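Below is one structure, written out as structure tokens; the observations come after it.
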Amino acid sequence: MIKKLICFIGILLLLSSCGDSNTYQIEGKLTNLEDQTVFAVFERDDYKVVDTVVCDKPGHFEIKQPKDGFNCVTIFFENKTRWITAYLQSESKITITGDANYPLLLEVKGGRINNKLSAMRKGITPLLKEFTDLNRMLNEKKYSNAIEEADIASRFANVNLQLSEYAMSYIKENPDEEASIVLIQLFFTDAEDTRKMDELLALLDPKIKSFYLIHELEQYSARAKRTALGAEAPGFTVKNIYGNSVSLDSFPQKYVLLTFTAPWCDMCQTEDLYLDKVATKYPKDKLDILLISLDDNQKNVRDVLKKDSIQWNLVTDSAGQATMLIDLYNVNALPRCFLIDENGKILLKTDNGGEIKQTLENLMDDE
């Protein structure tokens, strides 16, 4: 009996150790890494797992993930300002090496997709390096005057175009590679115009259509078309900060300016978007404005609005309302404004207050 019990316990321990085996292993060796804390975000469908790892010696880290079924892992470093994505296969060890100052040039080895992408990046190293340097100069405002800024921006646009052309060539030459799907995601996901993305997706070999990114890109395309110019604005019903129900049907036979903002967004202030001038210039029977703000504190918002001479119609993120509308209208940056006509069609989508003001003047001042 004791021997059987010992044997049974031994089997349990064996099974337990098997369950704890590391399905995914990522090893990194990065030079010029200043912040020695890295973050790994493992993703599958709508599920994410985040690991935080401190390098055991400068630039060296090892991440182990025992759970299976993840599609990719994104490694964030330098206080989450830089990152690299690796595509996962069970029981496959991945190594990430290179200069932390140039994430686009990091070599990711392990698994067919990673190997293909690393080989492709090697062929365009000078372009990727120039792209990174110019982008950093623009973001960090490393220019002395407007002329120099315009020159850097022009060079950046040219390099970006060359990279897109290279990616397109690779996709057309390799329609049976999952790496081509990754390149479509990286270079051709334009929320304003999905025609090029749709065209390239149609070229892919049917045998790779089960790759998870295909479904994501098809959903992306559908969301973008939902709010294309001329499309019927997606309907919704939410409650504003005063508890009143608001829907597109609340604004019959008038223009509606649907504006997505956030309290922490410097460019989202109503005066910067000319919303205060628009609100006072046009009567509510001609134009109404609905503000969607990523702000949970309704009481604080109401207190602030009491001091404003304009009575704003505003929806906050209480119960996820703003988040739902952001997804519905495919908003990927703030601010974002949609001008909807009397028939519920999208006339304009922009982040530029001047464009809103000019468009409304063209539409309404001559009436």
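For the range 80-157, a simple Cβ point-charge model (Lys and Arg +1, Asp and Glu -1, everything else neutral) yields a dipole of about 380 debye relative to the Cα centre. Taking 22 Å as the limit for the C-alpha separation, the pairs Lys64/Lys122; Lys172/Lys196; Lys172/Lys207; Lys141/Lys196; Lys57/Lys116; Lys29/Lys116 exceed it in the case of Lys64/Lys122; Lys141/Lys196; Lys57/Lys116. With each label modelled as a point 7 angstrom along the Cα→C-beta vector, the Glu192-Leu127 pair spans 2.2 nm. A crude spin-label estimate for the pair Ala146 and Lys357, with each label 7 Å from Cα along the Cβ direction, gives 1.7 nm. At a 1.4 Å probe, what is the % contribution of carbon and sulfur to the accessible area of the chain? Within the chain, the accessible surface is 51 percent carbon and sulfur. Against the chain, whose longest principal axis comes from its Cα atoms, helix 212-226 is set at around 0 degrees.
Amide H to amide H, with H built 1.01 Å from N, Lys345 comes under 5 Å of Ala233, counting only residues 5 or more places away or on other chains. Per DSSP H run of n ≥ 4, the term is -39500 (n - 2.57); total these for the chain, divide by its residue number, and report the mean residue ellipticity at 222 nm rounded to 500 deg cm²/dmol. The helix contribution divided over the chain gives -12500 deg cm²/dmol.
With a/c under 1.5 counting as rounded, go ahead and sort the range 133-269 into rounded, prolate or oblate using the C-alpha gyration tensor (a ≥ b ≥ c being the square roots of the eigenvalues; past the cut-off, prolate if a/b is larger than b/c, else oblate).
Numbers: a/c = 2.70, a/b = 1.23, b/c = 2.19.
Taking the square roots of the gyration eigenvalues as a ≥ b ≥ c, the range 133-269 is oblate.
Residue-wise HN-Hα couplings along the range 53-67, as the Karplus relation 6.51 cos²θ - 1.76 cosθ + 1.60 with θ = phi - 60° gives them from phi, are 10, 9, 4, 6, 8, x, x, 10, 9, 9, 10, 10, 10, x, 6 Hz; Gly and Pro carry x.
Under a 5 Å amide H cut-off, with hydrogens placed 1.01 Å from N, Thr23 pairs with Gln65, Lys67 among residues at least 5 apart or on other chains. If you plug the beta carbon distance of Lys48 and Lys284 into 1/(1 + (r/R0)^6) with R0 = 41 Å, you get a FRET efficiency near 0.40.
Quick one: ranking Trp83, Trp312 by accessible area, 1.4 Å probe, largest first, what do you get?
Values: Trp83 135, Trp312 15 Å².
Of Trp83, Trp312, the descending order of accessible area is Trp83, Trp312.
A dipole drawn for the chain from +1 and -1 charges on Cβ atoms has a positive end, and of Asn240, Leu106, Thr81 the residue lying farthest that way is Leu106. Taking amide H as placed 1.01 Å from N in the peptide plane, Lys239 has its amide H under 5 Å from the amide H of Val246, each at least 5 places away in sequence or on another chain. 3J(HN,Hα) along the range 156-161, derived from phi through the Karplus expression 6.51 cos²θ - 1.76 cosθ + 1.60 where θ = phi - 60°, amounts to 4, 4, 5, 5, 4, 5 Hz, with x in place of Gly and Pro.
Dipole magnitude for the chain: computed about the Cα centre from +1 point charges on Lys and Arg Cβ and -1 point charges on Asp and Glu Cβ, it is near 1160 debye. Rounded to whole numbers, the Karplus 3J(HN,Hα) couplings from phi for the range 321-329 are 5, 5, 4, 4, 5, 4, 5, 4, 9 Hz, using 6.51 cos²θ - 1.76 cosθ + 1.60 with θ = phi - 60°, and x at Gly and Pro. In the complete set of protein chains, residue-level accessible area for Asp276 is approximately 50 Å², probe 1.4 angstrom. Taking all protein chains as shown and a probe of 1.4 angstrom, Lys142 keeps an accessible surface of around 110 Å².
The values are calculated or read from the model by the stated rules, or taken from the named source; none is laboratory data. The structure displayed is predicted, hence computed values, not measured ones. A quick note on method: Cβ atoms are made from the backbone with ideal geometry, for glycine too, and the neighbour counts reach across all protein chains shown. Surface areas here come from the heavy atoms of the whole protein model, side chains and all, with no ligands, DNA or RNA. Shrake-Rupley method; radii C 1.70, N 1.55, O 1.52, S 1.80 Å.
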